[in-house]
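Worksheet: one structure, shown below.
The values are calculated or read from the model by the stated rules, or taken from the named source; none is laboratory data. This is a predicted model, so every value here is computed, not measured. No Cβ is skipped: glycine too gets one built from the backbone with ideal geometry, and neighbour counts run over all protein chains shown. Surface areas here come from the heavy atoms of the whole protein model, side chains and all, with no ligands, DNA or RNA. Shrake-Rupley method; radii C 1.70, N 1.55, O 1.52, S 1.80 Å.
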Amino acid sequence: MALNPFSSGTRLRDMIRAIRACKTAAEERAVVRRECAAIRAAISGDGQDLRHRNMAKLMFIHMLGYPTHFGQMECLKLIAAVGYPEKRIGYLGLMLLLDERQEVLMLVTNSLKQDLNHSNQFIVGLALCALGNICSAEMARDLAPEVERLMRSRDANTKKKAALCSVRIVRKVPDLAENFMGLAASLLKEKHHGVLISAVQLCTELCKASKDALEYLRKNCIEGLVRILRDVSNSSYAPEYDVAGISDPFLHIRVLKLMRMLGQGDADCSDYMNDILAQVATKTESNKNAGNAILYECVETIMGIEATSGLRVLAINILGRFLSNRDNNIRYVALNILMRAITVDTQAVQRHRVTILECVKDADASIRKRALELVYLLVNDTNVKPLTKELVDYLQVADPDFKEDLTAKICSIAEKFSQEKLWYLDQMFKVLSLAGNHVKDDVWHALIVVISNASELQGYSVRSLYTALQAYSEQGSLLRVAVWCIGEYGEMLVNNVGMLEAEGPITVTESDAVDAVELGLNRYAADVTTRSMCLVALLKLSSRFPSMSERIKQIVAQNKENMVLELQQRSIEFGSIIQRHQSIRSSLLERMPVLDEATYLVKRASATQATIPAYKPAAVTPGGLKLPNGVAKPAAAPLVDLLDLSSDDAPVTTTASATAAPSDFLQDLLGIGGTNLSTAGAPSSASTDILMDLLSMGSSPSQNGLPAPGLSFPAQEKKPVSATPQVGSLVPEPMDLLGSLSSSASISGTKSTIAAPQAVDLLDSLSPSTSVSGLEDTRPSITAFQSATLKITFDIRKQPGKPQETTIHATFTNLTSSNYTDFIFQAAVPKFIQLRLDPASGNIVPANGKGSVTQGFSVTNNQHGQKPLAMRIRMSYKVNGEDRLEQGQVSNFPPGV
């Protein structure tokens, strides 16, 4: 009689063959459905003879991803059977078809307990394997005594499996860790490697689960671990444990990991294991992958414990050898460890600087990136010049995908470690020439600020940039900086003013300078920013080179019908200035005043600090040209500069003092648009009307007494003035659009005293707003946070007439006897609150309250009166090199805040 191919009596092999013969997923599903139906029928008929065969088929179907829950009870029946073959299939099915969340698992506890006490060691092994895989917390508590008993068994395999089962029990119920500490320590005296590696794994888990276990193992296991490591390192060839000529590398690695846990923060344990670590580091061969794995773990252990300086140098030298390995993975992990090791022993890592630099040029992208980050950490005041030269030289041949990261690091190094401005300028000019399209805007903005402040190097800068522009005109950032410098210092370029000793003269005519700007105007037709800067540079050159005015006017006029409204407006206005207003052009187009470098750097450092949505922490990390953490950020001025277009809700602030009237005329010249500013004071309308008539611009808009941004109006006090431009302005670049009007070219003929905030310099450097002292509403100080180690107090102030705005001055006091280093304060607020953090006064909090760190920040509660102010805070710092983190919630703000 033929056997039905889909009856419960079919063999597993036949079912697998039938499934593999299916050509479509539908055919496979049909085969599985028929087979599952046959198995269900067999289960219903209580066919015991083929139960193990059906379970084997169900396990295969389960591995294919089909539901097999109907076979769970069959597993329990097989486990309860007497014979070993049935139990083996039953336990295998139990581990595959069930997990610790299944309620059915509760029914198997008694069977497990009986099998753990069975006289057959193989059945005991099955029960231990199942318990080690699916043990729940309840089962762990019920069966832990049996597992402890089995760990004292004479059979090595049983002890090994019992130790591995104990690992699962300790993970599920850490309270049981103390029951296994003595047993784990005793197993380390065994000779069988399987038992040893299981015991080491159990000790590792105990260290994670309990501090008491960690201390116990430190006292009782270090000697045994050192003995194991010495024996396995010095043992002769044993074929059952040999891997590529290395005796049991798995045991090596497990022991080294456990040593790292025991030696971390414990000088006595570390001292005891120094000798054996040095032996392993020197005797292990590195020509095989197994040996490299042991050396890697050995280095990790040396770096993780309180090792001697000589041992750390040995470990770093091993990493240096790894960097010369042909295997990319080995080099990558070496770079990773070196990045951590540099904080421990910088000098030892510095010895491998040449090899690390070679890794920057590696063909593998991940190795290049990691090596570049390591080189950045290696840079200091003594090696900055050779390292920067190597990176700049490589920039010429670097892959385009890597140039962005490389450029960012070079620029950061040049800014952070520049000891002289000439070297900084030279490096930046090289970077702009080789990878100007990859330079970020804030980098070349900072470069312009430096050039503006280096009066003795302005001639050199404009000549160097002009020369570079002839060879690398395709680099966008180079063109922008060069055009800006040509517009400001064009006469220095033509007349070779400010020549340095090592500099050779170049011959540049006025026409050549205009050609350079025109080239940028034509080459970057789609770049509004660059074209805007070129138009401004041409306008300024019309004043520097009067003989070129007619040609410049023709070039500017080409944009009168430009589709971009910003360029069209500039072209018309600038053409009008060149053609009709020669009398005021020279004073209107003077050089920009020196930009405040410190103020710009503070502004740049805090530019990344934006409004924080929801409860997202915000940290402030100052940056820039050696900007210390203690540099205070200027008060947030209610002004929007020409680069900062991200503030959609910038407030318009009026001033109570009368100001010079030509403000709205100058706004028209800038092309910022008809910003409707409220009147605040008594403007001089006569002078405005005269200027409006000069340019035939029509009637004057409403006055505010605040001049246009970017224009400095020297008055008797020589104080610059600033104003709020229209937020939608299309002037995204940091340039003085019309230069500064000098007091000698007074248009209205009336000198007025200007009492207003300082001007917005057009490179994002906002100066502090003028504050009126004595008008702030000071609230009582509160203790926002206090623990056994740190105290934070908030001094709260409110501005009259602005109930939703609060200024908070935080003071951080260290209550311990150790200094806090790398201190960072973070805060998060709900969505309806806006938060802006200022840089802290420092990043080291002195011990014992003998000083403090302060930090200011402002909050705006958009639902003031409806919802109270709430804030979460987090403080991270280091104590003796160890990272610490504290956090809390501030909910005790005074009413009305």
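According to the square roots a ≥ b ≥ c of the eigenvalues of the Cα gyration tensor, what is the shape class of region 171-316, taking rounded for a/c under 1.5, prolate for a/b larger than b/c otherwise, and oblate for the remainder? Oblate, because a/c is 1.5 or more while a/b does not exceed b/c.
What is region 399-472 by shape, rounded, prolate or oblate, if you read a ≥ b ≥ c off the alpha carbon gyration tensor as root eigenvalues and call it rounded for a/c under 1.5, prolate for a/b larger than b/c, and oblate otherwise? Oblate is the answer for region 399-472, as a/c is 1.5 or above yet b/c matches or exceeds a/b. Modelled label positions at residue 189 and residue 240, each set 7 Å beyond Cα in the direction of Cβ, lie 2.2 nm from each other. Of the solvent-accessible surface of region 371-463, computed with a 1.4 Å probe and all protein chains present, 46% belongs to carbon and sulfur. For region 32-175, the per residue solvent-accessible surface stands at 49 Å², with DNA, RNA and ligands left out and a 1.4 Å probe. Charge dipole (Cα centre; +1 on Lys/Arg Cβ, -1 on Asp/Glu Cβ; no other charges) of region 78-229 amounts to roughly 520 debye. Distance between the pseudo-spin-label points of residue 27 and residue 565 (7 Å out from Cα toward the beta carbon): 6.7 nm. Our note on the geometry: Cα centres of region 335-411 and region 562-581, 48 Å apart. The Cβ shell under 11 Å around residue 324 holds other residues with a net charge of +1, Lys and Arg each +1, Asp and Glu each -1.
Projecting label points 7 angstrom from Cα along Cα→Cβ for residue 12 and residue 580 puts them 9.6 nm apart.
Relative contact order of region 468-592: 23 percent, from C-alpha pairs under 8 Å at least 6 residues apart in sequence.
With R₀ fixed at 25 Å, the C-beta to C-beta distance from residue 56 to residue 119 puts the FRET efficiency at about 0.40.
If you stretched the chain out fully between residue 887 and residue 373, how much longer would it get, using 0.36 nm times the residue separation minus the C-alpha to C-alpha distance?
182.0 nm
Taking a ≥ b ≥ c as the square roots of the Cα gyration tensor eigenvalues, region 65-133 comes out prolate, since a/c reaches at least 1.5 and a/b is larger than b/c. A 1.4 Å probe run over region 470-534, with the rest of the protein chains in place, finds 39 Å² accessible per residue. Within the shell of other residues whose beta carbon sits under 11 angstrom from the beta carbon of residue 182, the net charge comes to -1, with Lys and Arg scored +1 and Asp and Glu -1.
Using per-residue counts of other Cβ atoms within 10 Å, averaged over each peptide, order 248-255, 338-345 from highest down.
Values: 248-255: 21.9, 338-345: 17.0.
Listed from highest to lowest mean packing, they are 248-255, 338-345.
Across region 346-360, coupling constants 3J(HN,Hα) worked out from phi with the 6.51/-1.76/1.60 Karplus curve, θ = phi - 60°, read 5, 4, 5, 6, 4, 5, 9, 4, 5, 5, 5, 4, 5, 5, 4 Hz, and Gly and Pro carry x.
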